[in-house]
Amino acid sequence: MPPPEFSPSRYFFRVLLWLPLFFVLWYYLAGLFTIIPAHLSEWVINLVYPGAVMQVEWVNRELEYITRFTVAAGDGLRTGNAVVTINPLLYSWNIPVLLALCYAVNDTLFSNVRVIIAVIALFPMHAWGLVAEFFVNILFRMGSAVAEQVVVAQWQQEVAAFCYQFGYLMLPVIGAVSVWFLANRALVQALIDSSGEQSKS
């Protein structure tokens, strides 16, 4: 059972206290949290469309994917590599949320190791969002000159759009909540058992 002093309202109050601190830390350490998702997204993009990304760079809190696709320069006389710019913070904001949820757990059920594993578990979900936005930019946002260089079927374009919407709108929340449940199974089970006992009484 949860400890006698456990209360949902107190727990969420602790979450609210932790959130500002973790949001500040996450914002200033965003580059560190982006290293693994950035490399993972580059690998997945080149797995899906071989040779699409030549290099990934971190510039002013944004990721720049230098592609093999070409675009005309401003003077119309030269061509250069198309660069896809993505803000990774759009997909990693669930890290401070997850940390606040974890650190608000009662000390007897808390584990730093589980918190670290939980944060790492979010990285593939962040990579999902980066990969999906990359293909949406290439296929829909950078104009026909770039889109025509990408040979994909209509259904593949629709899949890219769906993956982007899911990765942008739903996956950050679903990911944080799901990972929190997995990382705090003892607390969740205790709450379930407590609820069952109260319903019987």
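For region 85-191, with all protein chains present and a 1.4 Å probe, just round the carbon and sulfur fraction of the accessible area to a whole percent.
That fraction is 69 percent.
So what are the ³J(HN,Hα) numbers for region 10-20, from phi and the Karplus equation (6.51, -1.76, 1.60; θ = phi - 60°), rounded to whole Hz, Gly and Pro as x?
5, 4, 5, 5, 5, 4, 5, 6, 6, 3, x
Rolling a 1.4 Å sphere over the protein heavy atoms, what is the accessible area per residue of the chain, to the nearest Å²?
Accessible area per residue, the chain: 57 Å².
Would you kindly give the portion of the calculated P(r) for region 53-96 that falls above 14 Å, as a percent of all Cα pairs?
In whole percent, the long-distance tail amounts to 58.
Evaluate the charge dipole of region 69-160 about its Cα centre and quote only its size in Debye, nearest 20, assuming +1 on the Cβ of each Lys and Arg and -1 on the Cβ of each Asp and Glu.
Around 120 debye, computed over region 69-160.
So who's got an amide H within less than 5 Å of the one on Ala82, skipping anything under 5 residues away but keeping other chains? H placed 1.01 Å off N, in plane.
Long-range HN contacts for Ala82: Thr67, Phe69, Thr70, Val71.
Return the Rg/Rh value of the chain, two decimal places, where both radii are evaluated on C-alpha atoms and Rh is the Kirkwood radius.
A ratio of 1.11.
Top mean-square fluctuation among Val151, Val84, Val136, Gaussian network model of the chain, C-alpha springs under 10 Å?
In this elastic network of the chain, the residue with the biggest mean-square fluctuation among Val151, Val84, Val136 is Val151.
Apply the Karplus curve 6.51 cos²θ - 1.76 cosθ + 1.60, θ = phi - 60°, to the phi angles in region 168-181 and return the couplings in whole Hz, x for Gly and Pro.
For region 168-181, the Karplus curve yields 8, 8, 10, 4, x, 6, 4, x, 4, 5, 5, 5, 4, 4 Hz.
Tell me the relative contact order for the chain as a rounded percent, counting alpha carbon contacts under 8 Å between residues six or more apart.
Taking the mean separation of contacting Cα pairs over the length of the chain, I get 24 percent.
Can you check what the net charge comes to around Ile86, using other residues whose Cβ is under 15 Å from the Cβ of Ile86 (Lys, Arg +1; Asp, Glu -1)?
-3
Which of the listed residues, Phe135, Ser41, Pro8, is farthest toward the dipole's positive end in the chain, when Lys, Arg count +1 and Asp, Glu count -1 at the beta-carbon?
In the chain, that residue is Pro8.
Could you give me the ³J(HN,Hα) list for region 122-127, computed from phi with Karplus coefficients 6.51, -1.76, 1.60 and θ = phi - 60°, whole Hz, x at Gly and Pro?
Each residue's phi maps through the Karplus curve to give 7, 4, x, 5, 5, 4 Hz.
If you place +1 on the Cβ of every Lys and Arg, -1 on the Cβ of every Asp and Glu, and leave all else neutral, what size is the dipole of the chain about its Cα centre, to the nearest 20 Debye?
260
For the chain, what does -39500 (n - 2.57) per DSSP helix run (n ≥ 4), summed and divided by total residues, give at 222 nm, in deg cm²/dmol to the nearest 500?
Estimated from H runs of four or more residues: -20000 deg cm²/dmol.
The values are calculated or read from the model by the stated rules, or taken from the named source; none is laboratory data. Owing to the predicted nature of the structure, the values given are computational and were not obtained by experimental measurement. FYI the Cβ positions are ideal-geometry reconstructions off the backbone, even for glycines, and counts take in every protein chain you see. Please note that ligands, DNA and RNA were not included when accessible areas were found on the heavy atoms of the full protein model with its side chains. Shrake-Rupley method; radii C 1.70, N 1.55, O 1.52, S 1.80 Å.
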